[in-house]
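Read the figures in this text as sums done on the coordinates, not as results from a lab. Model, not experiment: these values are computed from the prediction. FYI the Cβ positions are ideal-geometry reconstructions off the backbone, even for glycines, and counts take in every protein chain you see.
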Amino acid sequence: MTTCNRKHRFKHMNLSGLLPLLTSLPAYRSFLDDLLAGEPDRAPLGIYGAARPYLVAALAQAVNRVTVLLVARSEQARQVYDELQVWLPPTNGLARVQLLADPDALPYERIPWARETRQARMSALTALLRRQGGIAGLAGGSAASESLLIVTSARGLMQKTLPPRELRLALKPLRVGQMFDMNESLMRWLGMGYRTDAVVEEVGLLSRRGGIVDIWPPNMVWPVRIELFGDEIDSLRLFDPATQRTLIEARSVREVLIGPASEALPRYGAGAQDLLDALDVRPLHPPARHELDGQREQLRQGTGFKGQEWYIPYLYSQPASLLDYLPNDALLLLDDGAEFMTLVTDLEHQAAQTQRDLITGGDLPANPLPPHFSWTELKAPLEARKPLMLGHGDLELSLIHI
């Protein structure tokens, strides 16, 4: 079944009413009691694969805290994400299941990420901060009282991203009636990776026409049109980027949360010049060197461009992983330890081979910073969270061949 057909099949289904049925099973009740008491059995559970989404959804709803499901492969993460939305559909307009998608580029490849990837990743990271509260100026709501389930793969976990503090500082709520400084806002958004264009048709673009500003943050499904009356926000309207027309069901939006255009914030580009100057560009072909020089100049000026995610390791002294976004009481579930560890090993070998091939081919500097965390770096913080193994194997048995 294709991805489109699968999404269409799941779109209007809601099986959340079946989740309480699990409590009729004594084994589940005993396991849940132990989990809530902080004393669950850490041995692999050996749950049948098709039953795991049901169990994961039930646990996420029962514990009512941030839950993370780690699976091995990207396509598996997307499939499970689709299925889990049937069990945990959105409530109060907020998604209870988020996908921290894999980057589109292989490690070290200088390829721009797709719109869908940037949206999924930024939505997941923003949802984690929103669930924990503390976003300056954000109106209160039920986000902190709803369960939140994050699904990601081994590559999604290994990918470096912006630190939570930087994302928190970058997030800014806008509401009708709020005072709006046009010049300050535009400069701020440019430093957050947005690019200007005549028409906003894709994520990460903004456009100004007199007292109207269009902007499409990756953490939002639709772009927003900000209409001003003097220096005050008169209306906020979500619109269809294909037709540029206001969405009928979204005419009365009172508040939106504007996040950065990318996980790579160009406003830190000037401070990254020492690291960028240290890149050994001697192996590069002239076209690749010309492109790299142009991007470095844009970073020096603090402006965004397509493919800026490649520079994440250079922009932050301590890049983060998903684990850095999790509260202390987060519940971590591992779909299958043996498969997960096998893939982690394969990914590290693949990254090393890709690096060698790109350097040899003249498409990569000779000494690039790694865009991903190694298993050595992730092992301790992951084990410290004592993940529950839903399938078979653990984080140790599969390491024999590393």
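Mind listing which trypsin sites (Lys or Arg not before Pro) in the range 314-402 are in a DSSP loop and have 16 or fewer other Cβ atoms within 10 Å?
Qualifying residues, ordered by number: Arg385.
Just to check I understand the Karplus step: with θ = phi - 60° and J = 6.51 cos²θ - 1.76 cosθ + 1.60, what whole-Hz values come out for the range 222-230, glycine and proline as x?
Couplings: 10, x, 10, 9, 9, 9, 9, 10, x Hz.
Which FRET efficiency value, to the nearest 0.05, is calculated for Glu232 and Glu396 with the Förster distance at 60 angstrom and r the Cβ-Cβ distance?
Result of the calculation: an efficiency of 0.50.
For labels at Asp34 and Gln353 in the simple 7 Å Cα→Cβ model, what's the distance in nm?
4.1
Only Cα pairs within less than 10 Å get springs; with that Gaussian network setup on the chain, which residue of Leu378, Leu343, Leu205 has the largest fluctuation?
Residue with maximal mean-square fluctuation among Leu378, Leu343, Leu205: Leu378.
Based on the alpha-carbon gyration tensor of the range 303-402 and its eigenvalue square roots a ≥ b ≥ c, which shape applies: rounded if a/c is under 1.5, prolate if not and a/b is larger than b/c, or oblate?
In terms of gyration-tensor shape, oblate.
Please work out how many pairs of lysine residues in the chain are eight or more positions apart (or on different chains) and have Cα atoms closer than 24 angstrom.
Going through the chain pair by pair, I get 5.
Given labels modelled 7 Å from the Cα in the Cβ direction, how far is it in nm from Leu275 to Glu291?
2.1
Using amide H atoms built in the peptide plane, which far-off residues or other-chain residues are under 5 Å from Leu238 H to H?
Arg225, Leu247, Val253
So what J values fall out for the range 286-302 if you push phi through Karplus, 6.51 cos²θ - 1.76 cosθ + 1.60 with θ = phi - 60°, rounded to Hz, Gly and Pro as x?
Ordered by residue, 3J(HN,Hα) equals x, x, 5, 5, 5, 5, 5, 4, x, 5, 4, 5, 5, 5, 4, 8, x Hz.
On a full-extension model of 0.36 nm per residue, what is the gain between Ile212 and Arg188, subtracting their alpha-carbon distance, rounded to one decimal in nm?
Between Ile212 and Arg188, full extension yields 7.0 nm more.
What whole-number distance in Å separates the alpha-carbon centres of the range 201-248 and the range 147-181?
So the separation of the two Cα centres works out to 19 Å.
Which ³J(HN,Hα) values in Hz, rounded to whole numbers, follow from the phi angles of the range 99-106 under the Karplus curve 6.51 cos²θ - 1.76 cosθ + 1.60, where θ = phi - 60° and Gly and Pro get x?
10, 8, 6, 5, x, 6, 8, 5
Given a 10 angstrom Cα cut-off, can you work out which residue in Phe373, Phe305, Phe229 is the most mobile in a GNM of the chain?
Ranking Phe373, Phe305, Phe229 by mean-square fluctuation puts Phe229 first.
Take the Cβ-Cβ distance between Thr91 and Arg282 as r, set R0 to 45 Å, and report the resulting FRET efficiency rounded to the nearest 0.05.
The value I calculate is 0.20.
Subtracting the Cα-Cα distance from 0.36 nm times the residue separation, let me have the gained length for Val221 to Glu75 in nm, one decimal.
Length difference between fully extended and current span is 50.4 nm.
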